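Student: Pasting a structure below so you can have a look.
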Amino acid sequence: MTDRAERIHTGIWREDADPADPFVAERCLCRGYDVYGEILPRAGWSEYLFLLLRGERPAAAQARLLERLAIGLANPGPRDPSVRAAMNAGVARTPAAAMLSAALAVGAGQFGGGHEVYRAMCGMLASEGRLDAWAAAPDGDTGEDGRADIWLSMEHPAGFDPHAARCGLPVQQLLACLVDTAGDAHGWLAWLQRNREEMERRVGAVLAVPGVAAAALLELGFDPAAGEMLYLLLRLPGAAAHALEQAGGTYRRYPFFHGQVHRAGQSGQQEE
């Protein structure tokens, strides 16, 4: 008779059934580690996240780098379209899942979103750290994948902001902190910091958070698909916090366009 455990094909998770109840797990293993007996009392969140997505226990330096990246990405702020989408859902009193779904939907794209990180990682990997090779395809499109895709061609270099006048101080601070945390002079983060100004000059755009995130995720050993997924996940806490704040208020106190909404047919009268 075939063992029931063989019917579940995953290298991520294993559950040993309770002898008294086959529908209840007696022990849960993630990548071979006992989740509630070993990981829970000893590991941190960033270590567990790394284990889930990379399939191996992180080194101490990798765990610290992922933790710093998670803090840097946790709240993009209300200027970010994904956070604003969650705020819109919050002030409309939609269910919690709808608030987060709004943030994910708007934050999944190619302008500050998850797929921009994917394209930036692809471009960096294809260049193999050679600036000239990266400059040949700064949008991350190497032309090697002929599969049909839902995404249109990018309109700006992946990981860079074509509209900003200069690289923002928070972006530079995030990059500097991650470089110091990684401590690898030959890693992707150090490469990005070393070449940032020249890269900006070549493409006529300034480095943005997705570009920093892409370099950090490559430094941690994630492939572009996992990097895109992780970027989406790590930005949700801020969207949740801002959505909850708006859900506890009223649209009359919504922070955007306050005092600029008029009743239909009464263009000179503001709605209070």
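The values are calculated or read from the model by the stated rules, or taken from the named source; none is laboratory data. These figures come from a predicted structure and were not determined experimentally. Here the Cβ positions follow ideal geometry from the backbone for every residue, glycine too, while neighbour counts run over all protein chains shown.
Student: Which residue out of A108, A133, A126 is surrounded by fewer than 22 Cβ atoms within 10 Å (Cβ to Cβ), aliphatic (A, V, I, L, M) and not in a helix (DSSP H, G or I)?
Tutor: On inspection, the qualifying residue turns out to be A108.
Student: Could you say which residue among A103, A133, A108, A92 is over 30 Å from A247 (Cα atoms) and not β-branched (V, I, T)? Reasoning before the result, please.
Tutor: Working: A103 fails: over 30 Å from A247 (Cα atoms); A108 fails: over 30 Å from A247 (Cα atoms); A92 fails: over 30 Å from A247 (Cα atoms).
Just a single option satisfies the conditions, and that option is A133.
Student: Quick test for you: out of L178, L189, pick the one residue that is in contact with an Asp or Glu (Cβ under 6 Å, 6 or more places away or on another chain) and either assigned by TED's automatic domain parsing to the domain that holds L131 or assigned to a helix (DSSP H, G or I) (or both).
Tutor: L189
Student: Considering only residues that are under 18 Å from P138 (Cβ atoms) and not aromatic (F, W, Y), which ones fall in region 155-165?
Tutor: Taking region 155-165 first, the residues under 18 Å from P138 (Cβ atoms) are 155-164.
Of everything in region 155-165, those that are under 18 Å from P138 (Cβ atoms) and not aromatic (F, W, Y) turn out to be E155, H156, P157, A158, G159, D161, P162, H163, A164.
Student: Looking only at residues in region 47-58 that are in a helix (DSSP H, G or I) and either under 14 Å from the mean Cα position of the chain (by Cα) or not charged (D, E, K, R) (or both), which one is surrounded by the most Cβ atoms within 10 Å (Cβ to Cβ)?
Tutor: In this case the residue turns out to be F50.
Student: Sticking with this structure for a sec: Would you pick out the residues in region 59-80 that are loosely packed, with under 15 Cβ neighbours inside 10 Å and either in a helix (DSSP H, G or I) or of a type in the set (D, E) (or both)?
Tutor: A60, A61, I71
Table: residues versus (1) crowded, with 21+ Cβ neighbours inside 10 Å; (2) assigned to a loop (DSSP other than H, G, I, E, B); (3) modelled with pLDDT under 95.
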{"position": "R93", "(1), (2), (3)": "no, yes, yes"}
{"position": "A97", "(1), (2), (3)": "no, no, no"}
{"position": "P138", "(1), (2), (3)": "yes, yes, yes"}
{"position": "T142", "(1), (2), (3)": "no, yes, yes"}
{"position": "L152", "(1), (2), (3)": "no, yes, yes"}
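Student: Something else: Of (1) at positive phi; (2) free of Cβ contacts under 8 Å to residues at least 24 places away in the same chain, G204 satisfies all except one. Which?
Tutor: With (1) at positive phi; (2) free of Cβ contacts under 8 Å to residues at least 24 places away in the same chain applied to G204, the lone miss is (2).
Student: Answer with yes or no whether A158 is at pLDDT below 95 and assigned to a loop (DSSP other than H, G, I, E, B). Quick ask: steps written out before the conclusion?
Tutor: Numbers: at pLDDT below 95: no; assigned to a loop (DSSP other than H, G, I, E, B): yes.
Against the criterion (at pLDDT below 95 and assigned to a loop (DSSP other than H, G, I, E, B)), A158 does not qualify.
Student: Looking at region 50-91, which of its residues are in contact (Cβ under 8 Å) with a residue 24 or more places away in the chain, farther than 17 Å from G238 by Cβ and aliphatic (A, V, I, L, M)?
Tutor: L52, L53, A61, L65, L66
Student: Here's another thing I want to ask about it. When you go through (1) part of a helix (DSSP H, G or I); (2) out of contact with any Ser or Thr (no Cβ under 8 Å at 6 or more places or on another chain); (3) under 26 Å from L189 (Cα atoms) one by one for M87, which number turns out not to apply?
Tutor: Every listed condition holds for M87 apart from (3).
Student: Kindly indicate the residue of region 13-27 that is of a type in the set (A, V, I, L, M, F, W, C) and over 33 Å from the mean Cα position of the chain (by Cα) and also farthest from R54 (Cα to Cα) among those meeting that condition.
Tutor: If we take residues in region 13-27 being of a type in the set (A, V, I, L, M, F, W, C) and over 33 Å from the mean Cα position of the chain (by Cα), then A20 is farthest from R54 (Cα to Cα).
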